[in-house]
Amino acid sequence: MTDVPKIELRGVTKSFDDKHVLRGMDLKVARGESVVIIGGSGTGKSVTLKCILGLLRPDDGAIKIDGQDTTRLRGAQLDAHQAKFGMLFQGGALFDSLPVWRNVAFKVAQQPGVSRKEAKRIAVDVLASVGLSPDVGDIHPAELSGGMQKRVALARAIAAKPEIIFFDEPTTGLDPIMADVINELIVKCVREVGATAISITHDMASARKIADRIAMLYEGRIIWQGSKKEIDNSGNPYVDQFIHGRAEGPIKMQVRKL
Amino acid sequence: MNPLAIIGRAFLEFLAVVGRLVEFAANGVRHCFTPPFYIRQTAKQFLDIGYYSLPVVGLTTLFTGMVLALQSHTGFSRFDAETAIPTVVVLSITRELGPVMAGLMVAGRIGASIAAELGTMRVTEQIDALTTLSTNPFKYLIAPRLIAGTLMLPLLVLVGDVVGVFGGFLVSVYELNFNAANYVSQTWQYLERSDVTSGLWKAAAFGFVITLMGCYHGFNSKGGAQGVGKATTNAVVSASILILFANYMLTGLFFAGK
């Protein structure tokens, strides 16, 4: 059983009209492992996460969770599949009509037999674990700073103790110090919950901090993967260009649309 | 290019849109009748769509009833038929103008706000976030709105009918020197129950169309602020046109059923 990867993608392809975003993506993530997918904008990182979540249906290929293919699920089975996940969205995606504590306890409060009081207690606990005081729970997300919103979003993602957590550019738009705070919280929370994690980012400092393993996505395929220690000696010119942030190299940025 | 091909392509595109819309509507209706039900959300929509639309609907039908009395007086005085004014006012309001005017005003008020709210939730990934929190967006966002729209519009129109007839009464009594008691008794004289109920059935259909258009365009909006703006416009325009179209079809149906 331990040999079965928690998440396995095999030959996943996804196109939008004539734009081929994923062109045969393969990836294995072991139980409890934290994998960071790096890659430039528009290389299919977000699409990958949405395919695994079942928000998008891949055109071809298999996505297995615990060895079970999930690409054909519908109805109640799809709901059960999606219940395993927690996700931290890039912009937070907090519900602005609800106060912070109801955002955090959103999933927990829907489980049968959880009273409002109980849900609020859980929300306060989870908020504390991301370093926010209980009175933050009563204000609305729009009144919070970007860093606080990220922390609330992180709290919401982990509150129901999901088996798998996705982080979509967790540090984008934060100052370096707040970014590091979030990185440390991610590492701590993933460890506490014992979850399997996939993060996507182009922030190398963040990748080095939260990854057990790093994979680089380029033109819809994983072109390199290895532990975070190996990344500086990958011998892969694409990876080298990316981690050092050079404009010159094998990856050509299309500055102007032809 | 072959002009027939252009016509054919436009027609196929139209059929595709109709197909997507019908699928969306069927999905929405199905989720109205299958648990879990979000009572809180539904109650909030009842308040928004029903209660807060009262002033708009009341004012619109009041002035419609007033102008109806004046205009029909202009026409009927030419062949000494002023006594028909109360009947004309009450029949026009209950059968036709009450539901249509209320429908169009609510389309502007509610259709736009639903499209803008759901559109913003879509582009800020809040709708995706719902899915990752084990909540079906159709059940949480769309079903409550469809239910509230379909049930509240008839109630609004019922109030609008009374206010509209009262508008006609005011003008007739204070402007055209009708006897108040005579006016009231003549209003009742030729009024049949089916005049009112046919208007209320129309109202229910309009309420469904308004909320469906708001939800459909908002839910499927893409591309940031501009996309949300476009969704809002499309929701109001398509709801208004569909209201006028459905109004004719339903009137034809009631007419044939007599």
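The values are calculated or read from the model by the stated rules, or taken from the named source; none is laboratory data. Since the model is a prediction, treat every value here as computed from it, not as a measurement. Note: ideal-geometry Cβ built from the backbone for every residue, glycine included; neighbour counts use all protein chains shown. What goes into the accessible areas is simple: the full protein's heavy atoms, side chains included, and nothing from ligands, DNA or RNA. Shrake-Rupley method; radii C 1.70, N 1.55, O 1.52, S 1.80 Å.
Quantify, in whole percent, the carbon and sulfur part of the accessible surface of chain A (1.4 Å probe; protein heavy atoms only).
Solvent-exposed carbon and sulfur of chain A make up 51 percent of the total.
Report the one residue of B:Pro3, B:Gly199, B:Met249 whose Cα lies farthest in the direction of the positive end of the charge dipole of chain B (charges on C-beta: Lys and Arg +1, Asp and Glu -1; origin at the Cα centre).
The listed residue farthest towards the positive side: B:Pro3.
Within a 10 angstrom radius of each residue's Cβ in B:117-124, how many Cβ atoms of other chains show up on average? Whole number is fine.
Taking all residues of B:117-124 together, the mean is 2.
Put +1 on the Cβ of every Lys and Arg and -1 on every Asp and Glu Cβ in region A:1-150; which of A:Val29, A:His140, A:Gly40 then has its Cα farthest towards the positive end of the dipole?
Sorting the options by dipole projection puts first A:Val29.
Please work out the C-alpha center-to-center distance from region B:61-128 to region B:176-218 and express it in whole Å.
9
So what are the ³J(HN,Hα) numbers for region B:208-220, from phi and the Karplus equation (6.51, -1.76, 1.60; θ = phi - 60°), rounded to whole Hz, Gly and Pro as x?
5, 4, 4, 5, 4, 5, x, 5, 4, 6, x, 4, 9
Given Cβ point charges of +1 (Lys, Arg) and -1 (Asp, Glu) and nothing else, what value in debye, to the nearest 20, does the dipole of region A:146-258 about its Cα centre take? Provide the component values of the computation, followed by the final result.
On the way: 16 positive and 14 negative charges, 38 e Å.
Magnitude of the dipole: close to 180 debye.
Hey, can you find the accessible area per residue of the protein assembly as shown for me, probe 1.4 Å, expressed in square angstrom?
Per-residue value: 49 Å².
Of the heavy-atom accessible surface of region B:3-256 (probe 1.4 angstrom), what whole percent is carbon and sulfur?
71
Per residue of region B:149-163, what does 6.51 cos²θ - 1.76 cosθ + 1.60 with θ = phi - 60° give for ³J(HN,Hα)? Whole Hz please, x for Gly and Pro, Karplus curve as stated.
For region B:149-163, the Karplus-derived couplings read x, 5, 8, 7, 4, x, 5, 4, 5, 4, 4, x, 4, 4, 5 Hz, x marking Gly and Pro.
What does the charge add up to near B:Thr94, with Lys and Arg as +1, Asp and Glu as -1, over the other residues with Cβ less than 9 Å from its Cβ?
Net of charged neighbours comes to -2.
Pop out the ³J(HN,Hα) list for region A:122-130 in order, Karplus 6.51 cos²θ - 1.76 cosθ + 1.60 with θ = phi - 60°, rounded to Hz; leave Gly and Pro as x.
4, 4, 5, 4, 5, 4, 4, 5, 9
For chain A, with a Gaussian network of springs between Cα atoms less than 10 Å apart, report the residue from A:Ala211, A:Ala128, A:Ala157 with the top mean-square fluctuation.
Result: A:Ala128 has the largest fluctuation of those listed.
What lysines does A:Lys50 reach when the alpha-carbon gap must be under 17 Å and sequence neighbours fewer than 8 apart in one chain are set aside?
Those lysines meeting the cut-off are A:Lys6, A:Lys14, A:Lys19, A:Lys28, A:Lys64, A:Lys84, B:Lys222.
Based on the alpha-carbon gyration tensor of region A:1-48 and its eigenvalue square roots a ≥ b ≥ c, which shape applies: rounded if a/c is under 1.5, prolate if not and a/b is larger than b/c, or oblate?
oblate
Provide the packing ranking of A:30-38, B:202-210, B:76-84, i.e. peptides ordered by the mean count of other C-beta atoms within 10 Å per residue, highest first.
The densest-packed peptide leads the list: B:202-210, A:30-38, B:76-84.
Helix A:146-159 against the longest principal axis of chain A: what's the angle in degrees, Cα atoms only, rounded to the nearest 10?
80
Give me the accessible area buried between chains B and A, both sides summed, with a 1.4 Å probe, in Å² rounded to the nearest 100.
So the buried area, both faces added, is about 1600 Å².
Report the local net charge at A:Ala62: Lys and Arg +1, Asp and Glu -1, summed over other residues whose C-beta lies under 11 Å from its C-beta. Don't jump to the answer; show the numbers that get you there.
On the way: positive: A:Arg10, A:Lys64, A:Arg72; negative: A:Glu8, A:Asp26, A:Asp60, A:Asp69.
Within the 11 Å Cβ shell, the charges total -1.
Is the C-alpha gyration tensor of chain A telling us rounded, prolate or oblate? Criteria: a/c under 1.5 is rounded; beyond that, a/b larger than b/c is prolate, otherwise oblate.
prolate
Summing +1 for each Lys or Arg and -1 for each Asp or Glu, what net charge is found among the other residues whose Cβ lies under 13 Å from the Cβ of A:His20? Mind showing how you got there, number by number?
Details: positive: A:Lys14, A:Lys19, A:Arg23, A:Arg221; negative: A:Asp17, A:Asp18, A:Asp59, A:Asp60, A:Glu219.
Once positives and negatives cancel, what remains is -1.
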